[in-house]
Amino acid sequence: MRALLERRYVERIVIAVIVLNAITIGLETSPALVDRFGVLLHLIDRVALTIFVAELAIRLYGYGVAFFKEPWNWFDTAVVGAALIPAATSLSVLRALRILRAARLISAVPSMRKVVGALLAALPSMVGIIGLLVLILYIAAVLATELFGDVVPEHFGDLPVSLFSLFQTLTGEGWPDIAGEVMEERPWAWVFFVGYILISTFVVLNLFTGVVVNALDDQNTSAEERRVEERLDAIMTELALLRAKLEAVDGERLDPASDEGTPTRTGFG
């Protein structure tokens, strides 16, 4: 069963079923398509769910207890289990989460697993960057409220409004309009906006990219190191077997009781 699951064509079939099921779930959001092809779409959904359940059952049988040691198996089980909730129950709204089956592509495609693994590995560093960004946003909001609250109260009237306006500026959406309104009354306000954008966007946010790239590089390095260690282990095993054979041959040559080590007598003896 393990060999069956690890074959390339089986993995491709599972990926194809995931993609097809995601498309059919999206098509079911159209009332017109449901009226015309509702039975077919529902049938495809049932068949895909059956395949997912069978694939999980085979994986559980093939790997046994090791199945529960893999976090991605828990993720797949939760996603498929949410789709098994009967529609008649009070929790039928959870059936809308069946689109999460499309997220199984993450566990099915190795490259996606690597990216998600890098993001998870980068979380500790990202927490520090997020804290720094929140601190910069808070300081800038307090300054903006004190400096521009009486000029444009709709954007900087109080601290919550200032936080939202500066968060909008952080995303790059509509900040020229906000800055233009402020600069009509405070021409020097460009110094504040330029400094805020340079610090928050071009410095802090780019740190996220650097952390994720480093995490991806570390994962690639770790994978290469594992391959090198596996090769070294195989070489050491072969050397140990060869050494054992050489010692056995030397032992036979030095053993006086062996047939080869006993001198033969001639007929004149």
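Within segment 128-152, how many residues turn out to be open to solvent by less than 40 Å² (accessible area, probe 1.4 Å) and outside any helix (DSSP H, G or I)? Qualifying residue count for the region: 3. On inspection, L163 qualifies as in a helix (DSSP H, G or I), open to solvent by 20 Å² or more (accessible area, probe 1.4 Å), free of Cβ contacts under 8 Å to residues at least 40 places away in the same chain and of a type in the set (A, V, I, L, M).
Considering E184, E238, E173, E230, which residue is surrounded by fewer than 13 Cβ atoms within 10 Å (Cβ to Cβ), at pLDDT below 75, out of contact with any His (no Cβ under 6 Å at 6 or more places or on another chain) and not polar (S, T, N, Q)? Going through E184, E238, E173, E230 in turn, the sole match is E230.
Has segment 3-14 got any residue that is closer than 14 Å to V80 by Cα and surrounded by 11 or more Cβ atoms within 10 Å (Cβ to Cβ)? Spell out how you get there, then give the answer.
Looking only at segment 3-14, we keep the residues that are closer than 14 Å to V80 by Cα, and these are 14.
Now drop any that are not surrounded by 11 or more Cβ atoms within 10 Å (Cβ to Cβ), which leaves 14.
Yes: segment 3-14 contains one or more residues that are closer than 14 Å to V80 by Cα and surrounded by 11 or more Cβ atoms within 10 Å (Cβ to Cβ).
Restricting attention to segment 111-129, the residues that are under 8 Å from the mean Cα position of the chain (by Cα) and of a type in the set (A, V, I, L, M) total 6.
From the set of residues in segment 20-64 that are charged (D, E, K, R) and free of Cβ contacts under 8 Å to residues at least 24 places away in the same chain, which is surrounded by the fewest Cβ atoms within 10 Å (Cβ to Cβ)?
Step one: list which residues in segment 20-64 are charged (D, E, K, R), which gives 28, 35-36, 45-46, 55, 59.
From what's left, free of Cβ contacts under 8 Å to residues at least 24 places away in the same chain: 28, 35-36, 46.
Numbers: E28: 18, D35: 8, R36: 11, R46: 10.
Looking at residues that are charged (D, E, K, R) and free of Cβ contacts under 8 Å to residues at least 24 places away in the same chain, I get D35.
The values are calculated or read from the model by the stated rules, or taken from the named source; none is laboratory data. Here the structure is a predicted model, which is why all the values come from computation and not from measurement. Cβ sites come from the backbone with ideal geometry, for glycine too, and all protein chains shown count toward neighbours. These accessible areas exclude ligands, DNA and RNA; they are computed on the full protein's heavy atoms, side chains included. Shrake-Rupley method; radii C 1.70, N 1.55, O 1.52, S 1.80 Å.
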